[in-house]
Amino acid sequence: MPYFDAASTAPLHPLARQALLSALDEGWADPARLYRDARRARMLLDAARETVAAELGARPDEVVFTASGTQANQLGVLGALAGNHRKGRRFVHSAVEHSSVLHAAEQHEASGGSAGTVPVDGLGRVDPERFARELLPGTALAALQSANHEVGTLQPVAEVAERCAAAGVPLLVDAAQSAARFAPPPGWSLLTASAHKWGGPAGVGVLAVRKGVRYRSPLPADDRESGRVPGFVNVPGAIAAAVSLRAVRAEAERLNAEQHARIDRLRAELPALVPDLAVLGDPLRRLPQLLTFSCLYVDGEALLGELDRAGFAVSSGSSCTSSTLTPSHVLAAMGVLTEGNVRVSLPDDCTDADVELFLRVLPEAVAAVRAQLEPPGAAPTPAAEAGAPVLDPPVLDTLVLDTLGRRCPIPVIELAKHFAEVPVGGLVAVLSDDEAARLDIPAWCGMRGQEYRGEQPSGRYGPDGGTAYLVRRVS
């Protein structure tokens, strides 16, 4: 079964497995003690720390091991804000940061702090100058991921780091997706990573804090890991993480070129094979192994299930599925379609044959899901018959599509199905109570070259309880 979800967690590297098994025998003791077994565990832990630090461009005494990348992000954010509280309580981050950073920002705001969110463009990339304008007086910390977890876009970290340095603001960089692929960009103050993203064991994260950066642990005091991470260190896990990081970094140049070519092929061929498919993210400044695309008129969860039955393990970058009402915050920030979203991330042992098979399987999977989702119809009603008031200014030939109570992607399916029924210049009002429609209907207009006219209460066009999304046909 081809595994195309390495961005979630990469298969355990063979050398990591070997190192882990050996470390379970040699590094089991408490590295804080003084007897022989403990000293041996300490030497192994120190060697692992030195290896990780060298690969990340840090000093060994700047690196600590955490329980996960999520914990590293949250400790990094909250610890740096606590350490710099005298400067202010403002935290600036991009709109597409990992949820662990956003949740830390929410906690910071709940405790009386403030946060500034930097928007991204349609490719998921921040503008360094726009980021710099958010570095207001009182900003204690900024955060910018090196590469987006969902669409793979590389961020201009070096340029943003220069602006942060000029403003005297430390910068936290989430390098979880890029640490095994590229050397970290210069200028970071705090750096985080996660071992299971590069073929190390799960349960090992990395937090690096540059010397001179003010940091105060947000957790109760503990004497382990420089006082930054409480609890017993996972010594075998840290050793396996270090071994696997060194191994994948040694092969990164070759693997990057191979994976880049495979993803380029998918980017070029998928839109021609699958109607109404949009490839997301930056086509050039991106991770070499990751591709995300959205399919119109497809439920993402159903498509993942169809691909799983066909033998492919992929993930959805969108939460717009039958099991939740919350669209992906990354895709929402980009202003792109949130429905039918699939993220493909290739493992190191991916082959050209795997990619060839995926190109054959996906069109059939999408067609099968679209056939299942074909709705019976939303009974379009002219606005006058629906009892809607005359619009100001008046718009003739308004068609009302009542999709209240129906979830993504049904509102967009109904819009596409009935759009040709209004003449050029006519208006369609899609009534929906699904939050995802607020994102997907404007995205559909952008893909189809039609005019999105905004939203109004659904009661103006039909039943109350939702929103009317207005689309004018221009061609």
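The values are calculated or read from the model by the stated rules, or taken from the named source; none is laboratory data. Note that the structure is predicted; figures quoted are calculated from it, not measured. Please note: Cβ atoms are built from the backbone with ideal geometry, for glycine as well, and neighbour counts cover all protein chains shown. These area figures cover heavy atoms from the full protein model, side chains too; ligands, DNA and RNA do not enter into them. Shrake-Rupley method; radii C 1.70, N 1.55, O 1.52, S 1.80 Å.
Along the principal axes of its C-alpha atoms, what lengths does segment 413-475 span, in descending order and rounded to whole Å?
Rounded to whole Å, the extents work out to 31, 20, 19 Å.
Take segment 65-124, drop everything but the C-alpha atoms, weight them equally and run the Debye formula without solvent; then report log10 I(q)/I(0) at 0.12, 0.14, 0.17, 0.26 Å⁻¹ to two decimals.
Taking Cα atoms of segment 65-124 as identical point scatterers yields -0.30, -0.40, -0.58, -1.10.
Please give the solvent-accessible surface of residue 43 in Å², to the nearest 10, using a probe radius of 1.4 Å with every protein chain present.
In the full protein context, residue 43 sits at about 140 Å².
In percent, how large is the relative contact order of the chain, given Cα pairs closer than 8 Å and 6 or more residues apart?
Numbers: 1035 pairs, mean separation 72.9, N = 475.
So the answer I get is 15 percent.
Would you mind calculating the gained length between residue 167 and residue 372 on full extension (0.36 nm times residue separation, minus the Cα-Cα distance), in nm to one decimal?
68.4 nm
FRET efficiency for residue 22 and residue 221, Cβ-Cβ distance as r, R0 = 41 Å, nearest 0.05?
Using R0 = 41 Å, I get an efficiency of 0.80.
Over segment 79-177, consider all pairs of different Cα atoms and compute the Kirkwood hydrodynamic radius from their mean reciprocal separation; express it in Å, one decimal.
Over segment 79-177, the inverse of the mean reciprocal pair distance is 13.3 Å.
Rg to Rh for segment 236-294: what is it, with Cα atoms only and Rh by Kirkwood?
Looking at segment 236-294, the ratio lands at 1.16.
Under the √(5λ) rule applied to the eigenvalues of the Cα gyration tensor, what semi-axes describe the equivalent ellipsoid of segment 1-144? Give them in Å, descending.
Computed over segment 1-144, the values are 36, 22, 13 Å.
Note down the relative contact order for segment 112-189 as a percent, whole number, built from C-alpha pairs under 8 angstrom at least six residues apart.
29
Keeping the other protein chains in place, figure out the carbon and sulfur percent of the accessible area of the chain, with a 1.4 Å probe.
Answer for the chain is 53 percent, counting heavy atoms of protein chains only.
What is the Cα radius of gyration of the chain over 2.2 N^0.38 Å, N being its residue count?
That ratio works out to 1.09.
Rank these residues by their accessible area, most exposed first, probe 1.4 Å: 303, 12.
The ranking, largest first, comes out as 12, 303.
Would you work out the relative contact order for segment 192-296, in percent, from Cα pairs under 8 angstrom that are 6 or more residues apart?
20
With a 1.4 Å probe and every protein chain left in place, tell me how much accessible area residue 8 has, in Å² to the nearest 10.
Near enough 40 Å² of accessible area.
Round to the nearest 10 and report in Å² the accessible area of residue 37, as given by a 1.4 Å probe over the protein chains' heavy atoms.
About 50 Å², rounded to the nearest 10.
With r defined as the distance between the Cβ atoms of residue 421 and residue 250 and R0 fixed at 60 Å, what FRET efficiency is calculated, to the nearest 0.05?
Computed FRET efficiency for residue 421 and residue 250: 0.50.
Compare 3, 215, 461, 35 by solvent-accessible area with a 1.4 Å probe and give them largest first, with all protein chains kept in place.
Greatest to least solvent exposure: 35, 3, 215, 461.
Keeping every protein chain present and rolling a 1.4 Å probe, give me the accessible area per residue for the chain in Å².
For the chain, the solvent-accessible area averages 40 Å² per residue.
Would you please give the residues with an amide H less than 5 Å from that of residue 66, counting only those at least 5 places away or on a separate chain, with H modeled from the backbone geometry?
Under 5 Å from the amide H of residue 66: 205, 206, 207.
So which lysines pass the test for residue 211, namely a Cα distance under 25 Å, with those fewer than 8 places away in the same chain ruled out?
Partners found: 87.
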